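**Q** This is the structure, below, for whatever I ask next.
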Amino acid sequence: MVFLAVLLALSGLQLFTYHPLANRWVHRTIERNPSEMACMFWVLIPILLTALSYRWLDAHFWLLALLFSAGILWLCIGSSAHKRALENFINAGRAENWGEALNAYKQIQGDKLIAAGDWAGLNKAMLERVAYENFSQLFATLFWFCVAGPAGALGYRLTCICGEVQPQPRLMRLIWLLEWPAVRLLGLTFAFTGNFLNCFQRWQACVLCRTRSSAQMISHYVLGALGVSDDNEARLEVTRRELLAMSRLLRRSLWFWVGLLAVAALKGW
């Protein structure tokens, strides 16, 4: 059922682009109640209701349970704003329009200070931000859906929304912990969908790292999958070529996960 639900949710993304969980209503509701207790309420209560509803449907109406889980997953997969921002960024880079490129970076909450005209620095910051956004909006959500069902995907997405509205240290630490296993799994996936040897060496070297953020880890793995060695990373000038290659890498990785889920479904795992 997990494979079918993922397939339905991904198909729904091609037809419908509206994501209620990412709209202003959720953010404003949390903003009105900024305390940690309120954030916990807005995460735990929906998780509990979703888990109970899915459990009851699964026991009585498996088809409704399938549609319910696929619908929750579709709601939890974030918007594709980072994809549109990347397209705008690449087009601005071709036209050498610094203002439009910087605006595209800021559209996806890019907050690094980049010196005017530093295209290499801006490209690298954009690569890191888009890679993390894609991970957070899609891969981490799929991971928790596979691990804990629709309640797991919903819990992760609501926790991230709370972190966006109220970036409290303990909440951000919780998000980091939730993302920790998914980051490592995606990094290992990049080894199979990109440069295996280079990416796997990076994965082995920092698989237990506790100091880097999820965004830094994903960027580290992406560059490894693109064939950039550790020695050359500091000197690398990221260009549109790396950004386009990253887009293809992320797309291949998604289909790799879908393929693994299909095999698991056929094996009855």
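**Q** One residue is enough: does region 29-42 have a residue meeting the conditions in contact with a Ser or Thr (Cβ under 8 Å, 6 or more places away or on another chain) and at pLDDT 80 or above?
**A** No.
**Q** While we're on this one: Output the residues belonging to region 5-26 that are assigned to a helix (DSSP H, G or I) and modelled with pLDDT of 70 or more.
**A** A5, V6, L7, L8, A9, L10, S11, G12, L13, Q14, L15
**Q** Does N123 satisfy being part of a helix (DSSP H, G or I), at pLDDT 85 or above and more than 17 Å from the chain's Cα centre (by Cα)?
**A** Judged against the criteria, N123 is a match.
**Q** Okay, next question. Kindly evaluate F196 against the criterion of being touching a helix residue (DSSP H, G or I) at 6+ places or on another chain (Cβ under 7 Å) and either modelled with pLDDT under 95 or not basic (K, R) (or both).
**A** The answer is no for F196.
**Q** With the requirement that a residue be closer than 17 Å to N134 by Cβ and open to solvent by 40 Å² or more (accessible area, probe 1.4 Å), what does region 82-102 give you?
**A** K83, R84, E87, N88 - these are the residues of region 82-102 that are closer than 17 Å to N134 by Cβ and open to solvent by 40 Å² or more (accessible area, probe 1.4 Å).
**Q** Starting from region 105-127, take each residue that is more than 12 Å from S219 (Cβ to Cβ) and list its partners that are modelled with pLDDT of 80 or more and outside any helix (DSSP H, G or I), counting only C-beta distances under 7 angstrom and pairs at least six apart or across chains.
**A** Close Cβ pairs (under 7 Å, with a partner that is modelled with pLDDT of 80 or more and outside any helix (DSSP H, G or I)) amount to G121/I114; G121/A115; L122/I114.
**Q** Among (1) among the small types (G, A, S); (2) in a helix (DSSP H, G or I); (3) at pLDDT below 80, which single condition is A92 missing?
**A** Answer for A92: the failing condition is (3).
**Q** Can you pull out every residue in region 31-77 that is in a loop (DSSP other than H, G, I, E, B) and in contact (Cβ under 8 Å) with a residue 40 or more places away in the chain?
**A** P34, I77
**Q** Continuing with the same structure: All but one of (1) more than 20 Å from W144 (Cβ to Cβ); (2) touching a residue at least 60 places away in the same chain (Cβ under 8 Å); (3) surrounded by 19 or more Cβ atoms within 10 Å (Cβ to Cβ) hold for L186; which doesn't?
**A** Only one criterion is unmet by L186, namely (1).
**Q** Hey, could you check region 189-198 for residues that are within 19 Å of the chain's Cα centre (by Cα) and open to solvent by less than 50 Å² (accessible area, probe 1.4 Å) and say which is nearest to L261 (Cα to Cα)?
**A** Across region 189-198, the extreme among qualifying residues is T189.
The values are calculated or read from the model by the stated rules, or taken from the named source; none is laboratory data. This one's a predicted model, so the numbers in the text were calculated from it and none came from an experiment. No Cβ is skipped: glycine too gets one built from the backbone with ideal geometry, and neighbour counts run over all protein chains shown. What goes into the accessible areas is simple: the full protein's heavy atoms, side chains included, and nothing from ligands, DNA or RNA. Shrake-Rupley method; radii C 1.70, N 1.55, O 1.52, S 1.80 Å.
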